[in-house]
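The values are calculated or read from the model by the stated rules, or taken from the named source; none is laboratory data. Remember, it's a predicted structure, so these values are computed and weren't measured experimentally. Neighbour counts are summed over all protein chains in view; Cβ atoms, including those assigned to glycine, are modelled from backbone coordinates with ideal geometry.
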């Protein structure tokens, strides 16, 4: 959800050539699979297309090429910080909700997988607000570097 929405926001802003996004999990159990149908449905209700997403596992070698690694919960944060070889790479790992002043206290985005469609919609709203806050912090710095 988060990557699909953020990529859409970046594309609509005209910064698509300057900001790259990708999605990866910490586990390998869904590698190659499409997003859950409830995720695709929740995204579609808000005008996002998640049908092209395929799961993959994060590779610690990617840290060198990444400026920021956004995670949805403290479990992912802990795992990726443990995978990071340097303090610099550990500092790249940030909780998505930390970018949104109103939601930062929650820290974790709930995993709706074992719940109903309503929780998928609720989680999508949380992610959307946090993505807007993240983008509001990134965009001015990116635009400043554009000449």
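Of the residues contained in the range 56-66, none is found to be surrounded by 15 or more Cβ atoms within 10 Å (Cβ to Cβ), in a loop (DSSP other than H, G, I, E, B), in contact (Cβ under 8 Å) with a residue 40 or more places away in the chain and touching a helix residue (DSSP H, G or I) at 6+ places or on another chain (Cβ under 7 Å). All of 121, 117, 89, 111 fail the test of being at pLDDT below 95 and under 23 Å from residue 60 (Cβ atoms), apart from 111. The set of residues in the range 68-107 that are in contact (Cβ under 8 Å) with a residue 24 or more places away in the chain and assigned to a loop (DSSP other than H, G, I, E, B) comprises 68, 72, 73, 84, 85, 92, 100, 101, 102, 103, 107.
For the subset of the range 1-52 comprising residues that are assigned to a helix (DSSP H, G or I) and surrounded by fewer than 16 Cβ atoms within 10 Å (Cβ to Cβ), which member is nearest to the chain's Cα centre (by Cα)?
11
The set of residues in the range 116-147 that are in contact with a helix residue (DSSP H, G or I) (Cβ under 9 Å, 6 or more places away or on another chain) and part of a loop (DSSP other than H, G, I, E, B) contains only 116. With respect to the stated conditions, residue 104 fails to be more than 19 Å from residue 12 (Cβ to Cβ) and surrounded by fewer than 12 Cβ atoms within 10 Å (Cβ to Cβ).
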